[in-house]
Structures are given as structure tokens and as C-alpha cells.
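K.L.:
Have a look at this one.
FYI, it's all coordinate maths here, none of it is from the lab. Values in this document were obtained by computation on a predicted structure and should not be read as measured data. Neighbour counts run over all protein chains shown; Cβ positions are idealised from the backbone, glycine included.
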Amino acid sequence: MNRRRRLYEGKAKILYEGPEPGTLIQHFKDDATAFNARKHESIEGKGVLNNRISEHIFQLLGNVGVPTHFIKRMNMREQLIKEVEIVPLEVVVRNVAAGSLAKKLGLDEGMQLPRSIIEFYYKSDELDDPMVSEEHITAFGWANPQEIDEMMALALRINDFLSGLFFGIGIRLVDFKIEFGRHMEDDTMRIILADEISPDCCRLWDTKTSDKMDKDRFRQDLGGLIDAYQEVARRLGILTENPQNEPSGPRLVTSNE
Ligand code: TMP
């Protein structure tokens, strides 16, 4: 039984009070939603995979100096994170035309964009997360100009790092969504990466076959979501195959913390 105080439940994650002030526990559920939760299913094992994949990516980003909320993984479904004030924006970075951009501008899916494009969406379930401009963001006080600059600079650094990381394992990083939070460090409010980075919030296409290895498998009823996420984890080196003393199948391995 979970006796910790539940602070917030989202579509794919729950936040609990952490063991110390200024910390939270982020719990990854198996729930998959799309189209603002109009489509909803539970996919056994998704939460465990996203917890591990996001842990791995946040650690790598931390190693190259991107500030993040990640502290450590606690168990198969939970990680300890720094408590932040979430900036109410979804920051999307796109390298290749797909999804809503391809539809909106009538672009062929798969077309390489002239350069990486950053978009902002206002986080509001009631409004279906509308796309907003920097003018809206500053006028309504969701973030100030300096914070916008920091988020854009971090988003591009994350994009460069992740594009290279995925390219090295035969995956094209088409686009992704990230979220940022405000965190007080030495009397200074800093913008740090929060939430998660997993195949739930990225488009990942196999470089050779163009197979989708992300949540579009669920959005588009393609099936095989767990197999695809497992393959991403395996290529990232998080899963080992045919481990000793295990009868068969892939298995999650413990990372060096
Ligand atoms: P889009 O093409 O549907 O606008 O999605 C762009 C990227 O953002 C894609 O990688 C999926 C991700 N995304 C989320 O993580 N959450 C969302 O609610 C939406 C709409 C997209």
C-alpha cells in the first residue's frame, strides 16, 4: 500500500510527497492516453519502461550539464525528483515534419525541416493545449523573456544531444515534447528540465525501416507499443538479452547510480 501523500495525478504519472522537503516522488503509470485523454488504455509494462528510459536520458543530459529535476530512481516505477514550479508550457522541438505540424502546413510526413523548430503550447486540458507565441507567454505571465530564452537554449541543446544519441542507435529523433520547472538554487531561480523524456513524448523512427517506436503506435492503433519501447530501451543499453540464470526474454538491468 502506498501511504505517501499524493499531490497530483496526471494522465501517465502520479506525484507523491518526497522523503525530504523540496523532493517529490514521480510514479510512472501504465496508462496511455491520446487526443487529450479521449483515447485511454492501460498498457502493462509501459510505466516501468518509461521510468527506466527517462532515468537514463536525464542522467546522460545531467552528465553534459543540462540541469534537470532527476535525483535518483527509487524502484521499477518511481524516481526521486526535485520539487519545482512547473512552467505551464509544453515545449516541442521538431526536426522532421510529422504529426500536427505536417497536418497544419500540409507537409509530407518525413520531410526534413529547414532547421529545428521550437513551438510552445499552453498546458490546459480544458483548452486542449493550444499553441501559443512568445507574445502570449509574456503577456499572460506564464514565463518571462529571460525564461523563454533559457528554455529555448536548453531545448536546442537537448535536441542536439538526443539527436546524436538516437542516431547512434539507428533511430531518427523526429520531434519531442519537454517541460521545464523553476527551482531555487543559491537564492537564484533557475529553469531546469522536469517531467520525463520517454517514447511517450517523442517521435522515434527506425532509421532503416522508418518503423515508429513511440506513442504513435497507440495513437494510430498500430499495436506493438511495448515491443517498440523495449527495443528503444535495448538499443539504449538499458535492457540485456539472454542474461545468465534467466530462462528467456529480455530483462531490465540495474543502472549504476
Ligand atoms: P504533435 O505533432 O501532435 O503536435 O506532437 C509533437 C510532439 O509532442 C510529439 O513528439 C508528441 C509530443 N506530444 C506530447 O508529448 N504530448 C501531447 O499532448 C502532444 C499533443 C504531443
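K.L.:
Based solely on its DSSP helices, what 222 nm [θ] is calculated for the chain when runs of n ≥ 4 H residues each add -39,500 (n - 2.57) and the sum is averaged over all residues, nearest 500 deg cm²/dmol?
P.N.:
Numbers: 6 runs with 69 residues, N = 257.
Result for the chain, helices only: -8000 deg cm²/dmol.
K.L.:
For K215, go through the aspartates and glutamates and keep the ones whose alpha-carbon is under 15 Å away, minus same-chain ones fewer than eight residues off.
P.N.:
D30, D31, E41, E44, D175, E196, D200, D206, D227, E231
K.L.:
Amide H to amide H under 5 Å from D214: which residues, 5+ apart in sequence or cross-chain, H placed 1.01 Å off N in plane?
P.N.:
L204
K.L.:
Can you work out the Karplus-derived ³J(HN,Hα) for every residue in segment 111-125? Use 6.51 cos²θ - 1.76 cosθ + 1.60 with θ = phi - 60°, whole Hz, and x for glycine or proline.
P.N.:
Each residue of segment 111-125 in turn: 5, 5, 6, x, 7, 5, 10, 9, 10, 10, 10, 7, 6, 7, 4 Hz.
K.L.:
What residues of segment 178-192 lie in the reach of a label at L165, counting those whose backbone N is under 12 Å from a point 7 Å from the Cα along Cα→Cβ?
P.N.:
Flagged as within label range: none.
K.L.:
Here's something else I'd like to know. Residue separation times 0.36 nm, minus the C-alpha to C-alpha distance between S124 and N144: what's the value? Walk me through the numbers on the way to the answer.
P.N.:
Details: separation 20, 0.36 × 20 = 7.20 nm, distance 1.88 nm.
Length gained between S124 and N144: 5.3 nm.
K.L.:
Rank K208, K11, K72 by mean-square fluctuation in a GNM of the chain with C-alpha springs under 10 angstrom and give only the top-ranked residue.
P.N.:
The residue that fluctuates most here is K208.
K.L.:
K39 to E85: extension gain in nm, 0.36 nm per residue of separation minus the Cα-Cα distance?
P.N.:
On the way: separation 46, 0.36 × 46 = 16.56 nm, distance 2.84 nm.
Difference between extended and current length: 13.7 nm.
K.L.:
Let me ask another. So what are the ³J(HN,Hα) numbers for segment 224-235, from phi and the Karplus equation (6.51, -1.76, 1.60; θ = phi - 60°), rounded to whole Hz, Gly and Pro as x?
P.N.:
Couplings: x, 5, 5, 4, 5, 5, 5, 5, 4, 4, 5, 5 Hz.
K.L.:
Would you please give the residues with an amide H less than 5 Å from that of K123, counting only those at least 5 places away or on a separate chain, with H modeled from the backbone geometry?
P.N.:
Here the answer is L89, E90, since their amide H atoms fall under 5 Å of that of K123.
K.L.:
Residue by residue, what Karplus-based ³J(HN,Hα) values in Hz, rounded to whole numbers, does segment 50-58 have, using 6.51, -1.76 and 1.60 with θ = phi - 60° and x for Gly and Pro?
P.N.:
Per residue, the Karplus-derived 3J(HN,Hα) values read 5, 4, 6, 5, 5, 4, 4, 5, 5 Hz.
K.L.:
Considering every pair of different Cα atoms, what Kirkwood radius, in Å, is found for the chain? Intermediate results must be reported in sequence, preceding the final value.
P.N.:
Values: mean 1/r = 0.0524 Å⁻¹.
After inverting the pairwise mean of 1/r, the radius is 19.1 Å.
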